[in-house]
Amino acid sequence: MNGFLPGVVVMGLLAGNVVAVSSIHAQEAREAEEKTYSHPGSHPREVYFGDPHIHTRISTDAAMWGTTFGPEETYRFGLGEEMTSFKGWKVKLTRPLDWMVISDHSDVW
């Protein structure tokens, strides 16, 4: 009988924890249902398209992959100007970028 009582107490404590945990999860679920994250008409009305990470021929890794555009050519390309790629192809963006970041490396060779 002595071995039975501690087992019941442990099981009772565990069951109490399970009930407490499940009631916490149930409350969180109710709160999540009550939250509304977007309302009709609250979506962004002005969306800007761009590129946050562009390398030019100044960056070693880009130059090794064949990039021949410098910062000025890259900027003009981003504005929608037709350019000639390093393979001789005429290239032009379908839509000019609204913004761009030329992020060349500082370790120039």
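Residue-by-condition table, conditions (1) charged (D, E, K, R); (2) within 12 Å of T56 (Cα to Cα); (3) within 24 Å of the chain's Cα centre (by Cα):
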{"residue": "E81", "(1), (2), (3)": "yes, no, no"}
{"residue": "S85", "(1), (2), (3)": "no, no, no"}
{"residue": "G88", "(1), (2), (3)": "no, no, no"}
{"residue": "L93", "(1), (2), (3)": "no, no, yes"}
{"residue": "D104", "(1), (2), (3)": "yes, yes, yes"}
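Just one of the listed residues (F49, F86, F77) is over 19 Å from D107 (Cβ atoms) and at pLDDT 95 or above, namely F77. Counting only residues that are surrounded by fewer than 16 Cβ atoms within 10 Å (Cβ to Cβ) and under 17 Å from D107 (Cβ atoms), segment 52-62 holds 3 of them.
The values are calculated or read from the model by the stated rules, or taken from the named source; none is laboratory data. Since the structure is predicted, the reported quantities are computational estimates derived from the model, not experimental observations. Heads up, the Cβs are rebuilt from the backbone with ideal geometry, glycines too, and the neighbour counts pull from every protein chain shown.
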